[in-house]
1. Checking the structure you have, find out if any residue of the stretch 149-167 is at pLDDT 95 or above, closer than 20 Å to Val88 by Cβ and outside any strand (DSSP E or B).
2. Checking Val125 against (1) part of a helix (DSSP H, G or I); (2) touching a His at 6+ places or on another chain (Cβ under 6 Å), which test does it fail?
3. Would you mind finding the one in Ile101, Ile108 that is within 20 Å of Ser181 (Cβ to Cβ), more than 10 Å from the ligand (Cβ to nearest atom) and over 12 Å from the mean Cα position of the chain (by Cα)?
4. Collect the residues in the stretch 5-52 that are among the aromatic types (Phe, Trp, Tyr) and within 11 Å of the ligand (Cβ to nearest atom), keeping them in residue-number order.
5. If the requirement is being buried (at least 17 other Cβ atoms within 10 Å of the Cβ), within 24 Å of Gly115 (Cα to Cα) and touching a residue at least 24 places away in the same chain (Cβ under 8 Å), which of these qualifies: Ile30, Ile47, Ile87?
6. Filter the strands (runs of 3 or more DSSP E) completely within the stretch 1-119 down to those with at least 3 residues that are farther than 29 Å from Ile132 by Cβ, at pLDDT 95 or above and touching a Gly at 6+ places or on another chain (Cβ under 8 Å).
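The values are calculated or read from the model by the stated rules, or taken from the named source; none is laboratory data. These numbers were taken from a predicted model, which means no experiment stands behind them. Methodologically, a virtual Cβ is constructed for each residue, glycine included, from the backbone with ideal geometry; neighbour enumeration extends over all protein chains shown.
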Amino acid sequence: MLCSGGGTNLQALIDAVERGAIDGKIVLVISNASKAYALERARQHGIPAVFVSKKQAGSDEAFNDAILEKLQEAGAQLVVLAGYLPIVGAQIVRAYEHRIINIHPALIPAFCGPGMYGHHVHEAVLRYGAKISGATTHFVDEQVDHGGVIMQRSVPVLEDDTPDTLAARVLTVEHEILPESVRLFCDGKLGVDGRRVHVL
Ligand code: GRF
């Protein structure tokens with residue numbers, strides 16, 4: 001798992017694994033933010049938690065090399081980006097082709113791409129006047145928010161929504177579709193055919 005923030009998506013996955021809903025194990029949580037509460041959540045559940053400093057690494061290349069090394073050392077078979085902000089380096093994407101899942105708080109291809117993360121997404125949805133939003137899980141390829149869509153779930157945008165109220169409504173469906181997507185992956189039920197992902 002790669003996380004940058006509070007880790008509520010990580011928590012949803014921890015809970016799903018602990019109740020036996022996912023035939024898999026979280027072997028490592030890495031964050032680029034030393035104070036990310038996601039690291040604390042991992043520690044509370046006995047999951048190895050590691051801070052990798054982009055600054056200390058000295059370059060994006062070295063930063064992503066360090067992350068790749070830790071993922072491989074841990075024997076990770078799937079990488080889940082849960083509230084992870086840095087762009088994943090090409091070396092990681094190549095090493096884990098169709099084995100990196102990201103959760104995005106909008107209905108890709110809407111409101112996604114560079115700079116579209118966290119509240120920026122919900123502000124853009126409200127500014128545009130969209131009537132529904134939602135969350136998307138997708139495989140990660142070498143472009144931002146571009147890989148094959150695995151699952152999407154929509155929520156209504158309400159007249160009196162603020163970015164906060166919309167974010168909270170979207171977060172509830174994020175916590176549903178991320179564990180469901182990881183479960184399907186662990187059960188070998190995700191087939192990839194070009195851009196399309198099929199549930200087998
Ligand atoms: C969520 O909106 C997630 O979609 C986005 O980061 C936000 C925080 O996620 N990628 P979390 O609570 O840290 O899992």
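1. no
2. (2)
3. Exactly one of Ile101, Ile108 is within 20 Å of Ser181 (Cβ to Cβ), more than 10 Å from the ligand (Cβ to nearest atom) and over 12 Å from the mean Cα position of the chain (by Cα), namely Ile108.
4. Matches in the stretch 5-52: Tyr37 only.
5. Ile30
6. none
Residues checked against (1) closer than 17 Å to Ile26 by Cβ; (2) out of contact with any helix residue (DSSP H, G or I) (no Cβ under 7 Å at 6 or more places or on another chain):
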site: Arg43; (1), (2): yes, yes
site: Ala62; (1), (2): no, yes
site: Gln91; (1), (2): no, no
site: Leu126; (1), (2): no, no
